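K.L.:
Attaching a single structure in C-alpha cells format; questions to follow.
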Amino acid sequence: MLDVQDNPAPEVHDDPIAVDPRQFAAKVNSWLPHDIMLTDAWFPLAHSFAVAKKPIRRAVYSHPYFIWRKPDGSLVAAETHPNDQLAAKKSEYTDEAGHYPVIEKYGYVWGWLGKPENAAPEHIPSIPYLPEDGGLPLHMLGTVRFDCCAPLSLENLIDLTHADFIHADVVGDEKMDKETVEVFHDSETITMVRTCVNKSVAPIMKIFGGVRDDVQQVRQVIRIYLRSHAAIAYGRFSPGDNVQLFHPCVPETRDRTRLDYAMNTSNVKKTNLFRYMMPKASYKVSRQDSSMTSPQSPRYMRPEKRKDLHSPLDEAGQKYRVLMLALAERQARGDFTYRDNVSSDCSDIIGYEKA
Amino acid sequence: MTEAAWWAVARSEEISADKPHNVDIGDQPVVLWRDDKKVVRALEDRCPHRRAPLSLGCILGNGAIQCGYHGWTYDGASGQLIDIPNLKSDRKFPPVYKARPFAVHEDAGFVRVCLDAKAAAPAPDDRVLPLSGTSIVALDHEHWIAALFDDPSLVLSIKGVRFSPYLLTELSEQQGKLVLERSCQWASPHWPAPFTSDFPISLRIATDPVTGETDLTLLDDEFRALFRAVLAPVPAARGVTQVRWRAALSPGRHHLMAKAMGIGTPFRVFDHVDGAALRVLKPSASIHASDLRESIVTRKSGPPTAQEAAA
Ligand code: FES
Ligand SMILES: [Fe+2]
C-alpha cells in the first residue's frame, strides 16, 4: 500500500509549471491528449444505484470492468463477465481472480486502474458536497456521453469562457463588467476560480430559479483531479442558488468519455423548480459541449506542426495540459506515486459554503 | 498543383450573411460566408485557438466571423484575429494570431476558392446560367470524371437525351482542356444506336485538366446549342465529390424533343452512382485522360506554346 505521507514534499524545481516560459509553452503545444493514459487512479465507473446482482459493463481505456454486487452487498469489479467462456488473458491490472480493486464512496462505485497493490482509499478525490455514503435522489443523477477524448472534455470545462458562447441560453452570455481567472495547482489537481462582476443572469435561473435581476455576481470553481479525470464544478451565484456538480470524465476509450454526473441541488428550496430542473440541464449542456469537442477530438490525435494560439484566459487550460503531461512523463519513468493528497477535504480551496 | 487551382466550391445562392457554410477542397475544410458588404469570405474551417470548426460559429454585424466555442472573432479578408470578447480589451493581436485565409472569387453564379491566398483572380466569366444544383456523390473526383467521360448516363441525365456509346472525337486536348464529343439520340422510338447512320444530337464535354470543371454543350445536327451546363466537381473528405452545376436551355429549340426539354427538370446530376454498373463500365474515353492531363499541366507550368502565346 502506498503511503502518501511518506513521500518527500515536491521540491520547487519539480513543479512542471515553475519552469522557464519557453519550456512551458513547448509543453503546452506538444499536447496530444489521445496519447495520454494515466494509471494508478480511481475512476468513478458507476452510480451506486446502478450496480446490483447483474453485472454491468464499464471500461477505462478499453479495459473491461464487469461490476456487480454479491448477495451480501459487497462489490466485485472483474475483468471478464462470469458467463464469458472465451475470456482473454488476464491483464496486469487485476488480481489472481481477475478482479480490480473496487470501492464505494460518494454514491459511486470506483474502480482502480493500475497496480492493484497501490490501490488506496486515500487516492479517492475529495468532493465536499457529495454525501460520503451516497443516497442522493435519482433526479440529481444522470449519465451523458461525449464522443471525444476525456482530457479534451476537461479542457473544455476548465475554460469557462466557452460557456458564455455555447451555453449562453442556459447559463448566460459573455456580457459582464469584469472577469478574473485564478489558477491553483499541485501535482495531482488543478483548480480554476473565475469571478464575474455583474454578469448576465443565467436564463435557467431566471426561468426556474426565481431570480428577477438582470445581472448577478458569479464565482465558479472548476477543480480537476488529474488522474481520475474527475472534476468538481462549483458555482456561487448571487442572487441565485449555488450549483454543486460532480463532473467525472471517465475515459472509456481514448476517444470516448462517459460522464455519470451528480448535481446536488439539496441546497435549493424544495418549492423551487430549479432544484429539479438544474440537474436536467446536463442533457442540453452536454450536447452543446459535444458539438465542439466532438469535431475537436480527431484534430488532436496526431502531432500538429501549427501551435494552438492562446489568450490570458487560457491559463488554466494550459496548466492542465502541462500537469497532465508531467504525470504521464513520470508514469513513463515508472513513478506512480501520489506526491499530493487528493482525498483531504478541499472545501477551503473551492470556497465551499456549507448549506 | 491544387494549391494554384480555383475550385468552384459553392453556388452563389448557397452562401449567405446569416450562417457560415462548410465545404472541403480535398482534405482541407473551408468555411464560407458573406460579410457586411455581401463579399464572400473564405477561411480554413479550423479555429487556431482550439481547432473547433469556425462554421459552427456565427457572422457578426460587422461581417467578421465569430467562433462558436470561445468567441474568438476573425476578419474575413485577412483571417486576422480582431477580438476575444471575454478579454474586454482593445489591444491589437500579434500578426500570427490569424486563421488561414483563402482567395475567393465570385462570378457567373459560382464561388471559387483558391488555397493560395495571394493567387491572381481567374479570368472573368459573364455567363448567366439560371438553373443550378448541388449533388454530393460517394465517388472520388478522378473516378467521377472518368465516368463522365466513359458513360455520362451514370452520373447525370439531360431530359429526353440518350447518350450513345459512339464518339465523334475521342478525348483530346483543345485549348488546354480535355474535350470529347459523344453522339446522342432523342429518347423517342428509333433504331438502336448500333444501327444508326446519323445522330440528331451530340454532347460536347470540355474539362479542365486540374479541377475537372466541365462545360457541357448539347448540339443539334446543325450545330445549334440546345443546352449548356457547367459542372464543378470538387474533391471532398473521404473520397466524396461535391458537384455544383449551373445550366441554361437555349431559346429557339426547334425539334419537338428539344422543345419538350423546357417542361419540368431538364437536367440532373445524380446523388448516387450505380456501383454495379460502374464496376463493369469499360474504360474507353477516359483511358488517355491522365496522360493528356499530365502533358497539359507540365506544359502550363513551363513556357507557353506558340498557340497559347497567340491566344
Ligand atoms: S476554439 Fe475557437 S474560440 Fe476557442
Ligand atoms: Fe460546457
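K.L.:
Hey, any hits in the range A:129-143 for a residue that's touching a residue at least 60 places away in the same chain (Cβ under 8 Å) and within 16 Å of ligand 2 (Cβ to nearest atom)?
P.N.:
yes
K.L.:
Something else: Hey, could you check the range A:147-169 for residues that are open to solvent by 10 Å² or more (accessible area, probe 1.4 Å) and more than 15 Å from ligand 1 (Cβ to nearest atom) and say which is farthest from the other protein chains (Cβ to nearest Cβ)?
P.N.:
Across the range A:147-169, the extreme among qualifying residues is A:147.
K.L.:
Further question on the same structure: Could you please find all residues in the range B:49-70 being facing chain A (nearest Cβ under 9 Å), open to solvent by less than 10 Å² (accessible area, probe 1.4 Å) and touching a strand residue (DSSP E or B) at 6+ places or on another chain (Cβ under 8 Å)?
P.N.:
Answer for the range B:49-70, where residues must be facing chain A (nearest Cβ under 9 Å), open to solvent by less than 10 Å² (accessible area, probe 1.4 Å) and touching a strand residue (DSSP E or B) at 6+ places or on another chain (Cβ under 8 Å): just B:67.
K.L.:
Please enumerate the residues belonging to the range B:85-111 that are at positive phi and either more than 9 Å from chain A (Cβ to nearest Cβ) or of a type in the set (Asp, Glu) (or both).
P.N.:
To start, the set of residues in the range B:85-111 that are at positive phi comprises B:88, B:108-109.
B:108, B:109 - these are the residues of the range B:85-111 that are at positive phi and either more than 9 Å from chain A (Cβ to nearest Cβ) or of a type in the set (Asp, Glu) (or both).
K.L.:
Kindly indicate whether residue B:34 is outside the structural domain of residue B:209 (by TED's automatic domain parsing), more than 15 Å from the chain's Cα centre (by Cα), within 17 Å of residue B:82 (Cα to Cα) and surrounded by 21 or more Cβ atoms within 10 Å (Cβ to Cβ). Write out each step before concluding.
P.N.:
Numbers: outside the structural domain of residue B:209 (by TED's automatic domain parsing): yes; more than 15 Å from the chain's Cα centre (by Cα): yes; within 17 Å of residue B:82 (Cα to Cα): no; surrounded by 21 or more Cβ atoms within 10 Å (Cβ to Cβ): yes.
No, not satisfied.
K.L.:
Follow-up. Output the number of residues of the range A:266-312 satisfying the condition of being open to solvent by 60 Å² or more (accessible area, probe 1.4 Å), of a type in the set (S, T, N, Q) and within 12 Å of chain B (Cβ to nearest Cβ).
P.N.:
Matching residues across the range A:266-312 total 0.
K.L.:
Let me ask something else. Find the helices (runs of 4 or more DSSP H) located wholly in the range A:266-355 whose residues include 3 or more that are aliphatic (A, V, I, L, M) and at pLDDT 95 or above, and list them. Even if it seems obvious, please write down each step before you answer.
P.N.:
Details: elements: A:274-296, A:315-332, A:347-350.
Qualifying helices (runs of 4 or more DSSP H): A:315-332.
K.L.:
Considering each residue of the range B:223-266, count those that are in a loop (DSSP other than H, G, I, E, B) and on the phi < 0 side of the Ramachandran plot, and give that number. Give the derivation first.
P.N.:
Step one: of the range B:223-266, the residues in a loop (DSSP other than H, G, I, E, B) are B:223-224, B:236, B:240, B:250-255, B:261-266.
From the residues that got through so far, the ones that are on the phi < 0 side of the Ramachandran plot too are B:224, B:236, B:240, B:250-251, B:253-255, B:261-263, B:265-266.
Residues meeting the conditions: 13.
K.L.:
Another one. Listed residues A:223, A:219; which is more than 16 Å from ligand 1 (Cβ to nearest atom), in the same structural domain as residue A:322 (by TED's automatic domain parsing) and under 15 Å from the mean Cα position of the chain (by Cα)?
P.N.:
Values: A:219 fails: under 15 Å from the mean Cα position of the chain (by Cα).
Result of the check over A:223, A:219: A:223.
K.L.:
Pick from the range A:86-128 the residues that are under 21 Å from residue A:69 (Cα atoms) and more than 25 Å from the chain's Cα centre (by Cα): which of them is least open to solvent (accessible area, probe 1.4 Å)? First the steps, then the outcome.
P.N.:
Our first condition is that a residue be under 21 Å from residue A:69 (Cα atoms); within the range A:86-128, this holds for A:87, A:93-113, A:116, A:119-121, A:124.
Applying the additional criterion that residues be more than 25 Å from the chain's Cα centre (by Cα) yields A:87, A:95-98.
On the way: A:87: 46, A:95: 66, A:96: 172, A:97: 71, A:98: 8 Å².
Among those that are under 21 Å from residue A:69 (Cα atoms) and more than 25 Å from the chain's Cα centre (by Cα), it is A:98.
K.L.:
A further question follows. Would you please name the residue that is most open to solvent (accessible area, probe 1.4 Å), looking only at residues in the range B:71-94 that are under 33 Å from the mean Cα position of the chain (by Cα), away from ligand 2 (no atom under 16 Å from the Cβ) and more than 15 Å from residue B:32 (Cα to Cα)? Quick ask: steps written out before the conclusion?
P.N.:
Of all residues in the range B:71-94, those under 33 Å from the mean Cα position of the chain (by Cα) come to B:71-82.
Among the residues that remain, those that are also away from ligand 2 (no atom under 16 Å from the Cβ) are: B:72-82.
With the extra rule that they be more than 15 Å from residue B:32 (Cα to Cα), the set shrinks to B:72, B:80-82.
Values: B:72: 6, B:80: 45, B:81: 6, B:82: 81 Å².
Within the range B:71-94, the match that is most open to solvent (accessible area, probe 1.4 Å) is B:82.
K.L.:
Can you name the residue in the range A:313-342 that is open to solvent by 20 Å² or more (accessible area, probe 1.4 Å) and without any contact (Cβ under 8 Å) to a residue 12 or more places away in the chain and, of all such residues, is nearest to the other protein chains (Cβ to nearest Cβ)?
P.N.:
Within the range A:313-342, the match that is nearest to the other protein chains (Cβ to nearest Cβ) is A:329.
K.L.:
Suppose we keep only residues that are under 21 Å from residue A:269 (Cα atoms) and among the hydrophobic types (A, V, I, L, M, F, W, C) within the range A:204-242. Which one would you say is surrounded by the fewest Cβ atoms within 10 Å (Cβ to Cβ)?
P.N.:
For the range A:204-242, the residue satisfying everything is A:207.
K.L.:
Then there is this: Which residue out of B:32, B:81 is assigned to a strand (DSSP E or B) and farther than 30 Å from residue B:129 by Cα? I'd like the intermediate steps shown before the answer.
P.N.:
Numbers: B:32 fails: farther than 30 Å from residue B:129 by Cα.
Step by step, each of B:32, B:81 is checked, and only B:81 is assigned to a strand (DSSP E or B) and farther than 30 Å from residue B:129 by Cα.
K.L.:
Scan B:196, B:169, B:207 and give me the residue that is surrounded by 13 or more Cβ atoms within 10 Å (Cβ to Cβ), within 25 Å of the chain's Cα centre (by Cα) and at pLDDT below 95.
P.N.:
None of the other options fit; the residue is B:169.
The values are calculated or read from the model by the stated rules, or taken from the named source; none is laboratory data. Here the structure is a predicted model, which means the values were calculated and not measured. Cβ coordinates were reconstructed from backbone atoms using ideal geometry, including for glycine residues, and neighbour counts include every protein chain displayed. Surface accessibility is based on the protein's heavy atoms, side chains included, excluding ligands, DNA and RNA. Shrake-Rupley method; radii C 1.70, N 1.55, O 1.52, S 1.80 Å.
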